[in-house]
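Heads up, the thing below is written out as structure tokens.
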Amino acid sequence: MPIEVAPRLTETEPDELAVTIALTKPERDWYKEYERFADIDQLLGAAAAGRLVEVTPDDNIMPIYRLRNPDVQAKYPPFLLPSSRVAMAAIGRLWRQGMDDYNIGGPEIRLPATSFARTEKMQAALVASGALATPGSTHCVGAAFDIDASSYYSVDLEQGIASVPHPGRDKDRLGGIARFLANQDPTMGVPMRVDERQDYDSRVAGTLLIVAADLHSTGMINRIVEFSGTENQCIHIAPNPDVTAEDWRALGQASVRRTWMG
């Protein structure tokens with residue numbers, strides 16, 4: 001049975017896809033000998049054996065709802081290579097340090113992680129749908145993860161979790177995607193609510209862009225900013241497997257470079 005893909009927030013242009021294929025070459029070379037997951041049984045088997053680890057929310061990065069729902073892991077697997085999970089946590093700490101340096105937001109803000117490990121079947125469905133997805137993706141070894149850089153979560157103990165989107169996003173379309181996901185998996189309920197009480201702060205994503213650019217420039221990650229500068233901006237990150245967990249943990253305690261964000 002083919003995998004049904006949720007409605008997309010944006011359309012992919014052919015030139016964007018060609019550029020993305022070229023930009024992913026470094027990470028495809030890094031992971032060319034790694035196990036690729038043909039189907040969900042192989043992926044879940046790797047998770048059961050400890051070759052992949054489950055990604056759960058921390059104080060900085062929160063997977064989107066369908067990746068937090070344990071009832072639908074076979075459809076939306078929330079797993080990464082252990083090394084990528086460590087890297088993502090360090091990137092989150094660096095982002096938070098930048099936020100604190102600039103007095104941006106507060107501890108309630110979380111970055112939304114939108115995609116982790118995928119099977120070859122899932123990737124093929126995305127490619128066929130016209131999404132900004134490429135064959136040979138490092139998502140299919142559990143290395144890459146994507147972070148939404150045009151919205152963020154606000155976590156409140158009383159009000160729950162709200163999504164604060166870029167003002168250019170179509171809230172009706174966001175609601176349509178929520179309804180699609182709820183209809184596909186009734187156990188999921190409504191995966192997001194749009195918080196209209198808060199003003200979107202572009203510096204939240206700006207801090208992440210600076211952190212990712214610095215790490216990319218030193219070869220610690222390969223990062224691609226998808227739909228750059230738009231209301232659907234997203235960052236794709238694949239950590240360099242030659243960087244050790246100890247390196248990432250040490251870096252996560254450092255301070256990010258002070259650079260003004262417009």
*Asp41 vs. criteria among the acidic types (Asp, Glu) and touching an Asp or Glu at 6+ places or on another chain (Cβ under 8 Å)*: no
_Residues located in region 14-58, provided they are charged (D, E, K, R) and under 22 Å from Pro112 (Cβ atoms)_ = Glu16, Glu27, Glu54, Asp58
*Would you mind stating whether Ala205 is within 23 Å of Gly105 (Cα to Cα) and either surrounded by 11 or more Cβ atoms within 10 Å (Cβ to Cβ) or modelled with pLDDT under 95 (or both)?*
yes
_Condition check: at pLDDT below 95, touching a helix residue (DSSP H, G or I) at 6+ places or on another chain (Cβ under 7 Å) and among the aliphatic types (A, V, I, L, M). Does Val190 satisfy that?_
yes
_All positions within region 33-64 that are of a type outside the set (A, V, I, L, M), assigned to a loop (DSSP other than H, G, I, E, B) and touching a helix residue (DSSP H, G or I) at 6+ places or on another chain (Cβ under 9 Å)_ = Tyr34, Glu35, Arg36, Phe37, Asp39, Gly50, Arg51, Thr56, Pro57, Asp58, Asp59, Asn60
*Could you please find all residues in region 82-109 being touching a Phe, Trp or Tyr at 6+ places or on another chain (Cβ under 8 Å) and buried (at least 22 other Cβ atoms within 10 Å of the Cβ)?*
Ser84, Ala87, Met88, Ala90
_Failed item, numbered, when Ala74 is tested on (1) under 17 Å from Ala238 (Cα atoms); (2) without any contact (Cβ under 8 Å) to a residue 60 or more places away in the chain; (3) in a loop (DSSP other than H, G, I, E, B)_ = (1)
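The values are calculated or read from the model by the stated rules, or taken from the named source; none is laboratory data. Source: prediction; values computed, not measured. Every residue, glycine as well, gets a Cβ built from its backbone with ideal geometry; the counts of neighbours run over all protein chains shown.
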